[in-house]
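J.: Handing you a structure now.
Coordinate-derived values only; no laboratory data. Quantities reported herein were computed from a predicted structural model and do not represent experimental measurements. Neighbour counts run over all protein chains shown; Cβ positions are idealised from the backbone, glycine included.
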Amino acid sequence: MEDVRLLKDDLKLKWRNTPSYYDENTNSIQAFQTLIASFLEDRHSNSLLSKKLSSKKLNAPWGVKPLEKIVKNSSDLQYILSNSNIIKNAVSIIEPSDHVGENNDGEGVRASSNIAYICRMVADCDSVLFPLWESGISNMDNLIEVLQNSRAIVVEGGHPSVSDSSTFDNSNVSLKELLLLSEKILLSRIQKSSPSIFICLGHQLVAQAHITLIKKAVDTICNQLSIVIEKKDYKYEALISLCNEIEKVGSNLKIVKNGSIVASGWDDPCFAVAKNEITEVGKCELNHFKHDGIHPSSDFKKLLIKHNKTSSEYNGIVEESISYEKNLELLMFHSDEVNQEAILFSNWAYSKLQDTLSSCSNLISISPLSWLLRLPSSVEILCSTSFKNKTLTEVAATCISYKDYQTKKIRRSFSFQFHPELLSDLREFHLSGKHDYDLFKNDDGVRMLMRVLYESVLE
């Protein structure tokens, strides 16, 4: 007991007990929403905290106040579980790698600190860092519980490749662990839980997690459904038939780039993520996603039709931004990309599972299969990138939606291939010194990040 008390005392000295930094009155969801709404209202007005922003300049890396909250071990994690105020009004930032890539100056860019700067300067919101590449994952369940109770979860980028596990060999967290974590984060988007934003490598991890979760759902239904529903029941027959169809479509679907097949079937390690046609670094323009339907896989057209339906059903934050804030330019920093076929397949499979499971959700909700009801209901491709009228990255962003079986309300999380937290110099703010409120207010990437955060927290 004495050791626990000493641990708490040590951490209280190291970490602030309040998430506020500029103003003690910003420690609420109402203040958070108000400050972001004011930021998004236009591109020229001052911050509601302008006087305090000018008196307290940010110029610190991780580890220095107000960026001192770094979860380095299981003791730090346990302390947060015992002191919920640390996390409930803070953004949790997952670092899967030590940096997201090297810029033109040869700097390994730790972009997570830019997320913390933006959240602090726009909304006086705290950030808690989880550097998994350094700390590893000591207790997955405890980590998920902490993340679930934060204001939002951001899974950052990184230089390793999702299609090559050996690129994580020098890290304290494996690709397998990161994929499992991504699956659990996907399944944690329950009522009043934290929305998630997956960036770059995070975007690729969650794409692979979609495929793995769909596979697990098919396997679970085929092998365990009979303990919940009698085999002679039409609902049983419908679900088994659907799972057979999902497996057939997933097994036969081809991934095509520049007219060449680069992967075949959902067991291919490059099915969800593969090398981009060219490495994409620097500014790119966002465009609405579109496809002509020409594809060697016979099932592709029905995936595309389902996606068209998904796109028409939900209000698109990113799509509206593309339409109303014309010529949006975001920063790309990647050589791998998420395959459009994998996301179209995921959307189709999730939607079909949602529709069919709804007929027996009451039975499933009180069974070992209840986790199936926490699957996303859809995943929509929001936009693509182009350069000189040529599409470079088909899946530049996705919206992951969850439709509640009881209330029918929609909750959302998002994934971005681009880096909304980086400016054109591809540098960390504390190194470049470029991070004033006016600059953020006029930057397309920062505005996109704040718009998505604002809208998803409201749900």
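J.: Quick one: which of Lys248/Lys352; Lys409/Lys441; Lys215/Lys254 span more than 23 angstrom between C-alpha atoms?
T.: Working: Lys248/Lys352 14 Å; Lys409/Lys441 31 Å; Lys215/Lys254 17 Å.
Flagged as over cut-off: Lys409/Lys441.
J.: Would you work out the relative contact order for the chain, in percent, from Cα pairs under 8 angstrom that are 6 or more residues apart?
T.: 17 percent.
J.: Which residues among the stretch 396-410 fall inside the zone where the amide N is under 19 Å from a point 7 Å beyond the Cα of Ala238, along Cα→Cβ?
T.: It comes to 403-408, nothing else.
J.: Measuring from label point to label point, each 7 Å out along Cα→Cβ, what is the Asn85 to Asp141 span in nm?
T.: Output for this residue pair reads 2.8 nm.
J.: Using a/c under 1.5 as the rounded threshold, could you call the stretch 340-459 rounded, prolate or oblate? The axes a ≥ b ≥ c are square roots of the C-alpha gyration tensor eigenvalues, and prolate needs a/b larger than b/c, oblate otherwise.
T.: Taking the square roots of the gyration eigenvalues as a ≥ b ≥ c, the stretch 340-459 is prolate.
J.: Hey, for a label at Ser358 modelled as a point 7 Å past Cα toward Cβ, could you say which residues of the stretch 401-415 have their backbone N under 13 Å away?
T.: Counting only backbone N, you get 402-410.
J.: When the dipole is taken about the Cα centre of the chain, and only Lys, Arg (+1) and Asp, Glu (-1) are charged at their Cβ, what size is it in debye, to the nearest 20?
T.: Values: 51 positive and 59 negative charges, 212 e Å.
In debye, rounded to 20, the chain gives about 1020.
J.: Right, another one. Could you pull out the chymotrypsin sites (Phe, Trp or Tyr not before Pro) across the stretch 332-440 that fall in loop regions by DSSP (anything but H, G, I, E, B) with no more than 16 other Cβ atoms inside 10 Å?
T.: Of the chymotrypsin sites (Phe, Trp or Tyr not before Pro), the ones in loops of the stretch 332-440 whose Cβ has at most 16 other Cβ atoms within 10 Å are Tyr405.
J.: Out of all DSSP beta bridges in the stretch 2-458, what portion is antiparallel? Express it as a percent rounded to 5.
T.: Values: 34 of 51 bridges.
The antiparallel fraction comes to roughly 65 percent.
J.: Sort Val155, Val122, Val64 so the one with the fewest other Cβ atoms within 10 Å of its own Cβ comes first.
T.: Val64, Val122, Val155
J.: Find which of Asn389, Met448, Leu431 sits farthest along the positive direction of the dipole of the stretch 384-459, computed with +1 on the beta-carbon of Lys and Arg, -1 on that of Asp and Glu, about the Cα centre.
T.: Result: Asn389, furthest along the dipole toward the positive end.
J.: Within the set Lys52/Lys184; Lys176/Lys235; Lys51/Lys434; Lys176/Lys306; Lys88/Lys403; Lys306/Lys403, which residue pairs have Cα atoms separated by over 28 Å?
T.: Lys52/Lys184; Lys176/Lys235; Lys176/Lys306
J.: Then there is this: Place +1 on the Cβ of every Lys and Arg and -1 on the Cβ of every Asp and Glu in the chain, take the dipole about the Cα centre, and give the residue among Ser311, Tyr234, Pro376 whose Cα lies farthest towards its positive end.
T.: Tyr234
J.: Then there is this: Just flag the trypsin sites (Lys or Arg not before Pro) in the stretch 205-313 sitting in loop per DSSP whose Cβ has no more than 14 other Cβ atoms within 10 Å.
T.: Qualifying residues, ordered by number: Lys231, Lys232, Lys290.
J.: Let me have the 222 nm mean residue ellipticity of the chain computed from DSSP H runs of 4+ only, each contributing -39500 (n - 2.57), with the sum over all residues rounded to the nearest 500. Let's see the in-between values first.
T.: On the way: 18 runs with 195 residues, N = 459.
For the chain, the value works out to -13000 deg cm²/dmol.
J.: Between Thr407 and Ser298, what is the spin-label point distance in nm, taking each point 7 Å from the Cα along the Cα→C-beta axis?
T.: Calculated label separation equals 4.4 nm.
J.: Evaluate the distance, in nm, between pseudo-label points positioned 7 Å from the Cα of Glu313 and of Leu431 along their respective Cα→Cβ axes.
T.: Rounded to a tenth, the inter-label distance reads 4.4 nm.
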